[in-house]
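The values are calculated or read from the model by the stated rules, or taken from the named source; none is laboratory data. In this text, all values refer to a predicted model and were calculated from it rather than measured experimentally. Counting neighbours? That spans all protein chains shown, and the Cβs are built from the backbone with ideal geometry, glycine included. Accessible surface is based on the protein model in full, side chains and every heavy atom, while ligands, DNA and RNA are left aside. Shrake-Rupley method; radii C 1.70, N 1.55, O 1.52, S 1.80 Å.
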Amino acid sequence: MLVKPFLKTSLALAAACTLWAGSAQATVHNINLSGVVADGFYHPPFTIGATTFSQWSIGLSGLDGMNTLEVAQGDIVNVTVTLDQLFTVPASGILTSFGLGLGGQVFPVGDTATANNVFDFFNGMALVKSGNSGSVTSSGQIPAGVIFFPPDNTAFSFDSLFASFEISDLSAPATLDYSVMSYTLFNPAAVPEPTTWAMMIIGFGGVGALMRRRRRDGGLAAFA
């Protein structure tokens with residue numbers, strides 16, 4: 001169901017090729033995903049300490065039981081996400097995190113990490129926002145994400161994105177058959193502690209679990 005022409009993309013691909021050249025085992029994967037904005041949903045805001053978190057999540061089409069992807073530690077993943085319409089990420093008071101999650105029905109245990117995350121957002125052919133992060137860690141899926149701190153945490157609208165990252169930590173090869181996209185807005189007042197950032201950086205761990213359960217119950221139709 002569900003999240004694309006490129007300015008910094010060439011730099012991301014060049015970095016990916018450099019990393020691949022340094023590892024005989026590395027494979028470069030190019031994935032095309034798509035999303036229907038109406039299938040996304042807003043989670044009820046919640047507060048930790050003096051900070052309120054607002055999340056939006058959406059399941060993406062392109063990885064499923066009939067279209068799986070085998071990945072391993074050291075692989076480079078380039079993801080193009082196309083939405084059916086323009087979508088706006090609101091401004092945040094503290095920071096905005098944006099992420100992708102790629103997972104499978106059976107996934108290796110332990111933490112999973114990605115490095116050299118690069119995200120480019122587009123409105124048609126125009127680049128509207130870019131970001132990068134050194135590493136992102138999660139469990140139960142391959143995480144990729146970026147954080148926009150002030151003054152870059154303003155609202156932006158996009159209908160496609162391109163993301164590139166390296167799988168830097170994965171205990172065993174994995175078969176991917178679902179994908180999700182989400183953002184989290186951090187709003188006033190205190191800046192969250194680093195441990196809170198770690199919990200919220202991607203914000204789609206629970207969504208992945210929900211998608212796995214929904215799929216067992218008959219697919220993503222009830223996801224929205």
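Ignoring solvent entirely, what values of log10 I(q)/I(0) come out of the Debye formula for segment 77-118 at 0.23, 0.26, 0.33 Å⁻¹ when each Cα is a single scatterer? For the requested q values the scattering log ratios are -1.11, -1.16, -1.30. Largest first, the residues Ile48, Ile94, Ile147 sort by 1.4 Å accessible area into Ile48, Ile147, Ile94.
So how much slack lies between Thr52 and Gln85, counting 0.36 nm per residue of separation and subtracting their Cα-Cα distance, in nm? Spell out each step's value before the answer.
On the way: separation 33, 0.36 × 33 = 11.88 nm, distance 2.80 nm.
The Thr52-Gln85 span can extend by a further 9.1 nm.
Within a Cβ distance under 13 Å of Ala72, other residues only, what is the Lys/Arg minus Asp/Glu net charge? Its environment carries a net charge of -4. Among residues other than Phe98 with Cβ under 12 Å from its Cβ, the summed charge is -1 (Lys and Arg +1, Asp and Glu -1). Using 0.36 nm per residue and subtracting the Cα-Cα separation, the extra length available between Val28 and Val109 on full extension is 26.8 nm.
Excluding His29 itself, what net charge comes from residues whose Cβ is under 13 Å from its Cβ, given Lys and Arg +1 and Asp and Glu -1?
Values: positive: none; negative: Glu70, Asp75, Glu166.
Around His29, the surrounding residues sum to -3.
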